There are 2 protein chains.
Amino acid sequence: MKASERPKKRPTQADVARLASVSPAVVSAVVNGRDGSNGVRVGDRTAARVEEAIRQLGYVPNVAARSLARGRNGIIGVFTYEALFPMQAMSYYHPFLVGVEEAVEELDCHLLLFTGSHTDDRRRSIYKNGTNSLQVADGSVLIGQSEDRDELAALVRDGYPAVFIGRRELPGAEVSYAAADYGTATRQLVERISGLGHRGIARLRGGSNHESILDRDAGFAAARELLGDRVDTTEVFVPPRAESIAAVVPGLVEQGYTCIVTDDRERAGDVCAAATALGLSVPADLSVAALSEYSYVDNAVERWDITTITTPGREMGAAAVRLLADLLDNPADRSPRRVVIDCGFHAGATLTAPQGA
Amino acid sequence: MKASERPKKRPTQADVARLASVSPAVVSAVVNGRDGSNGVRVGDRTAARVEEAIRQLGYVPNVAARSLARGRNGIIGVFTYEALFPMQAMSYYHPFLVGVEEAVEELDCHLLLFTGSHTDDRRRSIYKNGTNSLQVADGSVLIGQSEDRDELAALVRDGYPAVFIGRRELPGAEVSYAAADYGTATRQLVERISGLGHRGIARLRGGSNHESILDRDAGFAAARELLGDRVDTTEVFVPPRAESIAAVVPGLVEQGYTCIVTDDRERAGDVCAAATALGLSVPADLSVAALSEYSYVDNAVERWDITTITTPGREMGAAAVRLLADLLDNPADRSPRRVVIDCGFHAGATLTAPQGA
DNA sequence: GTCAACAGATAATGCGCAATATCAAGGTGG
DNA sequence: CCACCTTGATATTGCGCATTATCTGTTGAC
């Protein structure tokens, strides 16, 4: 780079040192709190002189140099496989981001979004050109749905400080995460349904094997165990499409199931629609509840005020950042950090006691 | 840091060089495409050997070191004075962010959100402890409403590469920005209203002196000039509160104004409400249009489908980033970069021809 | 056969900072 | 009055990389 191209080099510690007539080490000490924790001690008078010089020059530490020298730079990353801000994605990511921003702000760190981490075919990827592009940040929070599990496993195995939002189990890697307690929430929901007097509860389950669904499986199983044969519970595997759902609802109703539980709010809406089509009214004739508030097509489902478990998104985001901070502050402890947070509940208007009760 | 704490040092170029029995410079050349653009040339055989060594060691470049050596770090910042992910979803910022993310992704850069830039009293500020905290990024896009103009002026004067979203005029500083052409949009809207047959058009103007409002002033003035005395146009200064607006609407109607134009959608809603209260129907008896789609209380206004100018938010965000990129790539050219983008128009349902026409 | 040109590599420097080792005084106790 | 500690500072090194200058052997031209 020619001198003419270099418009104005940012001032460095050396510049400050020169102006204040001290050694660079003193400047460094002043910048990073001169508590003498490092070998260098600085008197009050000199410190003041240095600070004045800093102010005068507008000196600001160079992050790259700093992180090279001490290995941290005060930047926390957020990685998602999809673009963060578009409308559809925003609705999903938003609650998490609120929590993440909140916690990161508290840590006095900055937040880095890995928009540049895509391979040549425009797909986002952690390993860009074979290099871990997340390295820019001290550590990262990982959010996402459509993910590349191999990449994630490699990331964690490499020892990169990462915390997932949502439970993840990866082969050969001890993952840290902030998850929602869908298991307990599911069990409690089923118990609540049973407590209302329902004696036939059917769960429609999609084909996903995501951890969050497995958690609900476990919760449902726990509820069945608890309720024993006092309540007839069943699980039906149904593709997550309106037609498929409409196809199974009549049979379930006929068999005496008075409450149908679905994986998410959208499917619950499908059930409501199917029930309505049968001339049944919800919740008078059939109760409906969802195990997730998430809905892909946002407003289509709004006319039903579905009873549903809610995800503590903000809390999860904040918790993930705090776990990450712990991970960074105590690198000696290599154990995964995990937090499981209670879900919320939206009472809604699709669950009541069954007609007979 | 004790050896026990250092979990696993990552392999460096030096390690690779040793394993492949070459000099570090060769490794560097191989890693960054050995097109000989730098002085170092590497033969095919050695290159293959080096690549094998890289693979074997799982070498990954250290970003900090790299950006220290090259002087840029591929990070573009976004600074806002308020939290970016506020609880009330889909904030003011959202459309801009969509565009910013899009353009940044195209540049292959990362996006940094300055969450850590707050002073001790928790207010966000560019100059934290008197030093420009934006320096972390190569350059930044600035979005915001409640801003500290002195800070902004200082920032630009310091030569920090920054691009505003929205027009800004700062004392003593040549500001780069990506703005919306509210002036033209306003003129065209008034012409359209006149074209529909309205002969009395009143504009309710709040007290703001923000550039975006001044642009609308200019547009309205241009329209008045154009229309001459064929149309009775007037401007009424009214505090942006529902009561104040309700107080002036009856008089305007009585004076024969058949269309009322407001600064934003929310105020337009207030006008609609006031008109309805008078027993008038919108738009049959009174047309209403807004010069900005923005609305503070989001859903309260939704029952009126207000005719309004729309802000090309996504385009502005993307344009701002591209201007910034130009600023960074051509630091020699110190002139401000500016782009003005056409507004959109939402036809809505509150504007028709006046009854008499 | 001599010199130039070039391919293919190495050596060395610096980016900006933190940390470590080192050093000069002034103060205290014996 | 000398050994010793404390305070307040400096000199130096190295983090991992890109880059520049430098060096060596091999061709090719004349």
### Query
If you go through region A:96-115 one residue at a time, do you hit one that is out of contact with any strand residue (DSSP E or B) (no Cβ under 7 Å at 6 or more places or on another chain) and hydroxyl-bearing (Ser, Thr, Tyr)?
no
### Summary
The condition of being assigned to a helix (DSSP H, G or I) and either crowded, with 17+ Cβ neighbours inside 10 Å or small (Gly, Ala, Ser) (or both) holds, among B:LEU214, B:LEU142, B:LEU189, only for B:LEU189
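So, in region B:154-181, how many residues would count as being at pLDDT 90 or above and either of a type in the set (Gly, Ala, Ser) or part of a loop (DSSP other than H, G, I, E, B) (or both)? Working first, answer last.
Keep residues of region B:154-181 that are at pLDDT 90 or above, which gives B:161-170, B:174-181.
Then keep just the ones that are either of a type in the set (Gly, Ala, Ser) or part of a loop (DSSP other than H, G, I, E, B) (or both); that gives B:161-162, B:166-169, B:174-176, B:178-181.
Total meeting the criteria: 13.
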#### Entry: Hits in region A:90-117 - residues which are at the interface with chain B (Cβ under 8 Å from one of its Cβ atoms), crowded, with 23+ Cβ neighbours inside 10 Å and closer than 19 Å to B:TYR92 by Cβ
A:LEU97, A:LEU111, A:LEU113
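Could you check how many residues of region B:26-40 are within 12 Å of DNA strand C (Cβ to nearest atom) and surrounded by 12 or more Cβ atoms within 10 Å (Cβ to Cβ)?
Filtering region B:26-40 down to residues within 12 Å of DNA strand C (Cβ to nearest atom) leaves B:26-30, B:34-36, B:38-40.
Of the ones still in play, those that are also surrounded by 12 or more Cβ atoms within 10 Å (Cβ to Cβ) are B:26-30, B:34, B:38, B:40.
Count: 8.
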### Task
Please determine, by comparing only the residues of region A:76-92 that are in contact with a Ser or Thr (Cβ under 8 Å, 6 or more places away or on another chain) and of a type in the set (Val, Ile, Thr), which one is nearest to DNA strand C (Cβ to nearest atom).
A:ILE76
### Summary
Taking region B:60-77 and the residues there that are modelled with pLDDT of 85 or more and touching a Gly at 6+ places or on another chain (Cβ under 9 Å), the one that is surrounded by the fewest Cβ atoms within 10 Å (Cβ to Cβ) would be B:GLY74
### Query
For region A:1-118, list the helices (runs of 4 or more DSSP H) that sit wholly inside it and hold at least 3 residues that are within 16 Å of DNA strand D (Cβ to nearest atom) and free of Cβ contacts under 8 Å to residues at least 40 places away in the same chain; which are they?
A:13-20, A:24-31, A:44-57, A:63-70
### Query
For residues in region B:217-244 being of a type in the set (S, T, N, Q) and either part of a helix (DSSP H, G or I) or in contact with a helix residue (DSSP H, G or I) (Cβ under 7 Å, 6 or more places away or on another chain) (or both), which is surrounded by the fewest Cβ atoms within 10 Å (Cβ to Cβ)?
B:SER244
### Query
Can B:THR258 be described as of a type outside the set (A, V, I, L, M, F, W, C) and surrounded by 15 or more Cβ atoms within 10 Å (Cβ to Cβ)?
yes
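The values are calculated or read from the model by the stated rules, or taken from the named source; none is laboratory data. Quantities reported herein were computed from a predicted structural model and do not represent experimental measurements. With ideal geometry, Cβ positions are generated from the backbone for all residues, glycine too; neighbour counts draw on all protein chains shown.
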